[in-house]
Structures are given as structure tokens and as C-alpha cells.
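Down below is the structure, laid out as C-alpha cells.
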Amino acid sequence: MRLASLAVLGALALCTAAPAFAEDEIKLPEQIWSFDGAFGTYNRASAQRGFQVYKEVCSACHSIKEGYYRNLTGIGLSEEQIKAIAASVTIPTLNDDGQPAERPGLPSDHFRSPFPNERAARAANNGALPPDQSVIEKAREGGADYIHALLTGYAEPPADMKMAAGMNYNKYFPGHQIAMAQPIHDGQVTYSDGTTATVEQMALDVTTFLSFIANPEMEQRKQMGVKIVIFLALLTGVTYVVKRRVWSDVH
Amino acid sequence: MPGLHKSEFTNPVVNWIDTRLPVFTMLTKEYAVFPTPRNFNYFWNFGALAMINLMIMIATGIFLAMNYTPNTLMAFDSVERIMRDVNYGWLLRYVHANGASMFFVVVYIHMFRSLYYGSYKAPRELLWMLGVVILLLMMATAFMGYVLPWGQMSYWGATVITNLFSAIPLVGDSIVTFLWGGFSVDNATLNRFFSLHYLLPFVITGVVFLHIVALHITGSNNPLGIDPKGPQDTLPFHPYYTIKDSVGIGVYLIVFAVLVFFAPNFLGHVDNYVPANPLVTPADVVPEWYFLPFYAILRSVPSKLGGVTLMFGAIAVLFVLPWLDTSPIRSARFRPIYRQLIFVLVAAIIVLGMVGGHPPQGIWVVLGRIATAYYFLHFLVILPLLGKLERPLPLPESISSPVIRKGGGPLPYGAAAAPMEKN
Ligand code: HEM
């Protein structure tokens, strides 16, 4: 067995050591999220503040095409609140004469996108496309930690770095040159619950909201998971006892 | 009456059916009383697990297909609709996506079992080869399934893999155009992949049936690799192995559930949550983890044709493995050198898996080449020679008396020993 275990150990050691030669990865500062772990839930207050940041800041450029206003029950908003939020936007529609018209939004509507199409979005953003944020938390390495780091990672570029026109330096964006200017600044929104709107606070809040909108099923999923795993563990335990009984005359 | 089956069932309805269509007799014969070696370890669970996994994939897949739209403009959104709007759609999708990973885990362990205990040797060569066919079909199915959500990795994975066929001299480019149904991966490609992704699992089911028929002709191998000599060496499949398989299924379901409910995207790639965009190439196109060793072999050869040949060669050697391994001894327990080398092979495959996940630069290229060379060395050089050179340990007399009596037993099994005969 000696050669065997040596080979497997050697292979694993090589593979853990090899990246050290090969890459210079940016380390993301890790946050403690309310939705981490097997029992994690979305911190309602934080997610609601985060929605406020999204609505007042990010939604000027970023859509959430896959989400509906009704999804907001998941962060603890009431039906009435959601109706009011939806009604505050206008949705393009056709009137009875078949002419383009507008109507107030309903909870069953998708979040209103800021631009009618990709070209309009690029035209308004120096040619860059603000990505849809429906699943952005699942679409980036590092997930919530990455979004938080990105939002708080703006800085002066190092002296030896040539910045392209209209680009901004960010410590955590791959390549460090991002077309999005720093979107949040201290005091940019006035939180209705009185929380002080620092960059750090807003980054945490909007990241919580974006994580929710990417995984609206998460709380239900984890609660189901806990029950199912406990059930399966008991079932497997009982099955094992029965197995020992059945086999007792053989061994 | 001529031709009617003489059924032994007492229940009149069962008897009536069984007389005309002896499925009950068959089930009893093949699953209840089927004589099975008494010394299986838990490695023998994995065939049953693969069967369960296939059923889970088909069940969840059929419901996904009811809600999925195979159109380049709608596929990504339709998968998100499954996640958000279909009742328990997220559960269906996460079970199906992680089920593919579980399937490969199970099948790779199942194959390791065959390698370690020599289950591919006479008389089970055809059984083993049918298994390799199943592996190929699974790979095709999983590859095409991964294209369906139409994310960045779907699109670019499909582009890279189909483009491999362009390495074939003369007709390569025409073949690629034919596969695509156009001049790039596009709507026609997505549609045919969906159709085939729905079809192939049922082809797999058919081959699995043949695999099991072949198994029931030869009987199962066992950890000692020697044939049962009589009833004292076997047990009826039911209840002994039905209950032992149930324990395995329980553990398997726990692992599966932990993945689905607590880390559903752990094995996936983040880029596949970015909608496909033909104008933006991802930094590194990587396939799903279960393809990484093969992908590493592909990329470790500087020539495209060479890489493609080696990649398919890696599976082709498995087809002829029963004839490459010249040792008459099945179980690695009695092959002191093979028993070590099989783990070196596993280590090489793990290294290949790691290499496949990184851009082919620097140290990864070197590691990839060494591991690729070792992979083929193992099958093409070491196995044929080892069977002639290795001195096996004495085999036990029978399964029920595995203790070797001093001086007794069918010893010594020397280098030139004849292949084991079935008796
Ligand atoms: C051998 C069994 C099968 C394997 C290995 C397999 C594998 C896969 C994989 C890897 C995906 C991509 C998962 C993702 O990232 O979303 C997928 C998706 C899909 N599969 Fe399968 N599959 C199997 C059987 C089936 C069957 C029998 C059906 C239908 C009858 C089916 C229908 C679908 C559909 C509709 C999707 C797209 C939805 C989605 O992406 O979640 N699959 N499959």
C-alpha cells in the first residue's frame, strides 16, 4: 500500500501547490452574511434597505428582468407596500386602439428595466453594458463577497497604471478597469429606518438584496433540506439496523 | 397447453398472467432468488445506485422538458422561469443538474470497482464493454444537457467541443457544419441537442438492460475474484442484497440532498448564469468537472488532431482493456504490484482533472503531459507486461473458506497460469 498512498498524496500535494506557481488571484474580503450556512435566512431589514438602494441608485442602469414586484414578499414587504411600489412605475402597453400607451405597474409585473434594449443601455453608458442583475450573485466567482468587494473597492489607480478613457480603477474587478463609476457614496440614500447610509452599509444591504433576488427560493430550500437530511439519516440508520439483523445468520 | 409457462404462483391473477407472460417468474429468478456471491463489499452497491440515478434523471428531466423552451432567445429565461415560477421548479432543476454530477460520481466509482477487482476479465468482457458504451452515451447526454440552459459555458462549451471534429482530415469542416445545422452554434444546434438529450437517456436505459442481462448470464464477480463453487458460496439476492443496497441508497441520497439543498451551484460554473453571447469569449472555457480529465488529455497535445485522437483513445483503451490485461488473476488483492499501480493510475486521473480546470500554461502543461503519458502507459504497456511478470499471491480455495490452508489450495498461480475457468 505504500506506493499507492504515496502516489495519491503526491498527486494531491502537487495540485494544491501548483496554483502557487501559476496564478495571482485577488483575495476577496470575506463577509459574514445572514444567509450563509444551512440555517441562513435573509436579514429582512437589510434586504429592504438594499432594495431601496437598488431602486434609488442601481435601477437607473441595471435591470432585474427575471424578478417580479410580487417577489418582494420574500424580503418582508406587505402586499400593500408592493402594490404601491409597483404602481409607482409605468409599464408600456397597448391601448384599445392598438396604439402604444402606458399603465401603472402591478405586483405581477417584472421589475421595470431602465432601458428598452441593449443599444439604448450602451448609448447611455459610454458603450458599456450594465449587466442584468437577476442572477448576478450566482454569475460571479465569489458571489455576495465579490459584489460587496466591488462596490467598496474603488480607489486611485496605482501610478504605473494606464487607465483607458472613461474607466475607473477597482481593486476587485478582473483587470481593475471597470466602466461603472463608483455607484454609491456616503449619504447617497436616506434610509427610512434611520440607519446611517455609509458606503459600507449600503454595499452590504444591496448585496443582501441582490443575493435574495438571485435565489428567492433559498429559505424554503434550506428549511426543506434540513428536514429531508434528518429524515434520510434516520431512515438510513434504521435500514442499517435491519441489514445487520438480516445478515446476522450469515456472519 | 403447448408453449404456456408452468407458473408456480398461487395467487390466481398473478398465476394467470405469469402463465402467459412469465414476468413474475423472471423477476423472482433474476432478483429474488438470484444466487449472488456472499462476500460483496459496499463497492457492489454502485450498480444499483446508478440505476436509481438514471431513473431520477429521467423523472426530473421529463418535468423540466414540460417547462423548458429550446430557442436561443428564450432558453435562458425559460430555465429562470423554471427556477422562479414553476412550483418546486428549483427543486426539479437542482436535482437534475446535481443528479448529472452524482451520476458520474457513482459510475466512476462503479468503474473503479471493476478495475480493482478485475470484473472486466473473462467471462465478463462484454458486460464491461456495454458499460463503456453506457459511459459514452452518458457523456453525450450530459454534454448536450449542459448546452440547454444556454449560458456562456453552454454556448462556448458546445462551440469548442463540436469544433473538435474539424480536426478530422478532409471532411472535418463539413462534419462540424452538419453537427451545427448551420455555420455556427445557433438555434438549429440547440434544437437538435434538446431532441437528442431527450432521446439518449432512453437509449441508455436499453443498454443498461443489456448490461444486466449479460450480468445475469455470467453472474457477479466478487472481492476475491474467484468463482463461487456451490450454494455455500452464494446468497439469494433478496433479502440479503436488497437490504444492503438499501443502506447504500440511503447514504447516497444524503449526499445528494446535501448538494441539492445546501450547495446547489457548488459544482456548476458561474459563467453559465450569464446568458450566451457569441461576441464575448469567457476567459477560459471549462467543461463540467466530470469531463476535466479528458479535457486535460485533449489540451496536453499541441496538435489538434493528436489531442482529439488521444482523448477518444482514452476511452478506446477501456474497450480493449480485457485483452490488454494479461493477468489471469482478477482481484487486486492477490496482485501485489497491480494493487499499488491502480492507485497511481487514480492519482494520474486526479491530476488530469485538476489540470483540465486550469488554463494550459506553465506548470499545468507539464503536469498534464506527464499524467497523460502515465494514463496510456498504464493501459498499453504496464498491464500487458505486468500480467507476465507479477507473482500473484496464493488464491483462497473458495469464497466460503477464504482462509488459506498452509500448503493447500490451488497454488501457486504462477506467471503462465491459465485463465481461470468457470465451474
Ligand atoms: C442520462 C441521464 C441524463 C443526464 C446525465 C442529464 C444531464 C443534464 C445536464 C448536465 C443538464 C444541464 C443542467 C443545468 O446546468 O441546468 C441537463 C439539463 C436538462 N435535461 Fe437532462 N440529463 C439526463 C436525462 C434527461 C432526460 C431523460 C430528460 C427529459 C426527458 C432531460 C431533460 C433535460 C432538460 C429539459 C434540461 C434543461 C433544463 C436545465 O438546464 O435545468 N434530461 N441534463
- Message: Just the residues that are free of Cβ contacts under 8 Å to residues at least 40 places away in the same chain, open to solvent by less than 20 Å² (accessible area, probe 1.4 Å) and away from the ligand (no atom under 13 Å from the Cβ), please, taken from segment B:143-164.
- Response: B:Thr162
- Residue check for B:Phe103: more than 11 Å from the chain's Cα centre (by Cα), within 11 Å of the ligand (Cβ to nearest atom), aromatic (Phe, Trp, Tyr) and outside any loop (DSSP other than H, G, I, E, B): no
- Item | Which numbered condition A:Gly153 misses (of (1) of a type outside the set (Phe, Trp, Tyr); (2) more than 9 Å from chain B (Cβ to nearest Cβ); (3) surrounded by fewer than 19 Cβ atoms within 10 Å (Cβ to Cβ); (4) over 30 Å from B:Arg93 (Cβ atoms)) | (3)
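Among the residues of segment B:125-132, is there at least one that is within 11 Å of the ligand (Cβ to nearest atom), over 30 Å from B:Phe9 (Cβ atoms) and surrounded by 21 or more Cβ atoms within 10 Å (Cβ to Cβ)? Show your work before the answer.
Taking segment B:125-132 and keeping what is within 11 Å of the ligand (Cβ to nearest atom), we get none.
No, that holds for no residue.
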- Going through segment B:310-322 in order, the residues found to be farther than 21 Å from B:Gly357 by Cβ and in contact (Cβ under 8 Å) with a residue 40 or more places away in the chain are B:Gly313, B:Val317, B:Leu318, B:Phe319, B:Leu321, B:Pro322
- Read through the list (1) assigned to a helix (DSSP H, G or I); (2) away from the ligand (no atom under 12 Å from the Cβ), then give the number of the only condition that B:Gly182 fails. (1)
- Note on the structure: segment B:1-96: helices (runs of 4 or more DSSP H) wholly inside it with 1 or more residues that are away from the ligand (no atom under 12 Å from the Cβ) and closer than 30 Å to A:Gly67 by Cα are B:75-84
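I'd like the full set of residues that are in a helix (DSSP H, G or I), among the hydrophobic types (A, V, I, L, M, F, W, C) and facing another protein chain (nearest Cβ under 9 Å), limited to segment B:234-252.
Residues of segment B:234-252 in a helix (DSSP H, G or I): B:237-252.
Add one more test, that the residue is among the hydrophobic types (A, V, I, L, M, F, W, C), and what stays is B:237, B:243, B:247, B:249, B:251.
B:Ile243, B:Val247, B:Ile249, B:Val251 - these are the residues of segment B:234-252 that are in a helix (DSSP H, G or I), among the hydrophobic types (A, V, I, L, M, F, W, C) and facing another protein chain (nearest Cβ under 9 Å).
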- Can you tell me which of A:Ile228, A:Ile178, A:Ile136 is surrounded by 18 or more Cβ atoms within 10 Å (Cβ to Cβ) and out of contact with any strand residue (DSSP E or B) (no Cβ under 9 Å at 6 or more places or on another chain)? A:Ile136
- Task: Quickly run through segment B:342-388 and pick out the residues that are facing another protein chain (nearest Cβ under 8 Å) and either open to solvent by less than 40 Å² (accessible area, probe 1.4 Å) or under 20 Å from B:Asp325 (Cα atoms) (or both).
- Result: B:Ile342, B:Phe343, B:Val344, B:Val346, B:Ala347, B:Ala348, B:Val351, B:His358, B:Trp364, B:Leu367
- Some residue of segment A:102-124 being free of Cβ contacts under 8 Å to residues at least 40 places away in the same chain, within 14 Å of another protein chain (Cβ to nearest Cβ), over 30 Å from A:Ser78 (Cα atoms) and open to solvent by less than 70 Å² (accessible area, probe 1.4 Å): no
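Which residue, of A:Gly74, A:Gly105, is at pLDDT 95 or above, under 27 Å from A:Pro131 (Cα atoms) and more than 24 Å from the chain's Cα centre (by Cα)?
Numbers: A:Gly74 fails: more than 24 Å from the chain's Cα centre (by Cα).
Of the residues listed, the single one that is at pLDDT 95 or above, under 27 Å from A:Pro131 (Cα atoms) and more than 24 Å from the chain's Cα centre (by Cα) is A:Gly105.
If we keep just the residues of segment B:185-225 that are among the aromatic types (Phe, Trp, Tyr) and surrounded by 16 or more Cβ atoms within 10 Å (Cβ to Cβ), which is farthest from the ligand (Cβ to nearest atom)? Give the derivation first.
Within segment B:185-225, the first condition is being among the aromatic types (Phe, Trp, Tyr), and the residues that meet it are B:193-194, B:198, B:202, B:209.
Adding the requirement that they be surrounded by 16 or more Cβ atoms within 10 Å (Cβ to Cβ) leaves B:193-194, B:198.
Working: B:Phe193: 10, B:Phe194: 7, B:Tyr198: 5 Å.
That would be B:Phe193.
Each row is one residue, and each column tells you yes or no for (1) part of a helix (DSSP H, G or I); (2) touching a helix residue (DSSP H, G or I) at 6+ places or on another chain (Cβ under 6 Å); (3) at negative phi.
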| site | (1), (2), (3) |
| --- | --- |
| B:Ser154 | yes, yes, yes |
| B:Ile161 | yes, no, yes |
| B:Phe178 | yes, no, yes |
| B:Thr205 | yes, no, yes |
| B:Ser220 | no, no, yes |
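Condition check ((1) modelled with pLDDT of 95 or more; (2) not in a loop (DSSP other than H, G, I, E, B)) across all residues:
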site: A:Phe115; (1), (2): yes, no
site: A:Asp132; (1), (2): yes, no
site: A:His148; (1), (2): yes, yes
site: A:Pro174; (1), (2): no, no
site: A:Gly194; (1), (2): no, no
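Considering only segment A:113-135, state which residues are within 18 Å of A:Ala203 (Cβ to Cβ) and touching a Phe, Trp or Tyr at 6+ places or on another chain (Cβ under 8 Å).
As a first pass, look at segment A:113-135 and keep what is within 18 Å of A:Ala203 (Cβ to Cβ): A:130-131, A:133.
Matches in segment A:113-135: A:Gln133 only.
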- Item | Some residue of segment B:39-47 being open to solvent by 70 Å² or more (accessible area, probe 1.4 Å), over 30 Å from A:Ile136 (Cα atoms) and within 13 Å of chain A (Cβ to nearest Cβ) | yes
- In segment B:80-96, which residues are open to solvent by 20 Å² or more (accessible area, probe 1.4 Å) and touching a Leu at 6+ places or on another chain (Cβ under 8 Å)? B:Val86, B:Leu92, B:Arg93, B:His96
- Task: Go through (1) open to solvent by 60 Å² or more (accessible area, probe 1.4 Å); (2) under 24 Å from B:Arg369 (Cβ atoms); (3) not small (Gly, Ala, Ser) one by one and return the number of the condition B:Val301 breaks.
- Result: (1)
- Query: If we scan segment B:113-121, do we find a residue that is away from the ligand (no atom under 14 Å from the Cβ), closer than 28 Å to A:Ile136 by Cβ and within 14 Å of chain A (Cβ to nearest Cβ)?
  - Reply: no
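So, in segment A:207-251, how many residues would count as being among the small types (Gly, Ala, Ser), facing chain B (nearest Cβ under 9 Å) and in contact (Cβ under 8 Å) with a residue 24 or more places away in the chain?
Taking segment A:207-251 as the starting set, the residues that turn out to be among the small types (Gly, Ala, Ser) are A:211, A:214, A:225, A:233, A:237, A:248.
Filter once more, so that each one left must be facing chain B (nearest Cβ under 9 Å): A:214, A:225, A:233, A:237.
Adding the requirement that they be in contact (Cβ under 8 Å) with a residue 24 or more places away in the chain leaves A:214, A:225.
Count: 2.
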- Note on the structure: Among residues of segment B:316-340 being crowded, with 20+ Cβ neighbours inside 10 Å and within 11 Å of chain A (Cβ to nearest Cβ), the residue farthest from B:Lys121 (Cα to Cα) is B:Tyr338
- Task: Return the residue satisfying two criteria in turn: it lies in segment A:51-101 and is charged (D, E, K, R) and within 23 Å of B:Val79 (Cα to Cα), and of such residues it is least open to solvent (accessible area, probe 1.4 Å).
- Result: A:Glu66
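The values are calculated or read from the model by the stated rules, or taken from the named source; none is laboratory data. Note that the structure is a prediction, hence the values are computed from the model and not measured. When we count neighbours, we look across all protein chains shown, and the Cβ atoms used for this are built from the backbone with ideal geometry, even at glycine. Accessible surface areas use protein heavy atoms only, side chains included; no ligands, DNA or RNA. Shrake-Rupley method; radii C 1.70, N 1.55, O 1.52, S 1.80 Å.
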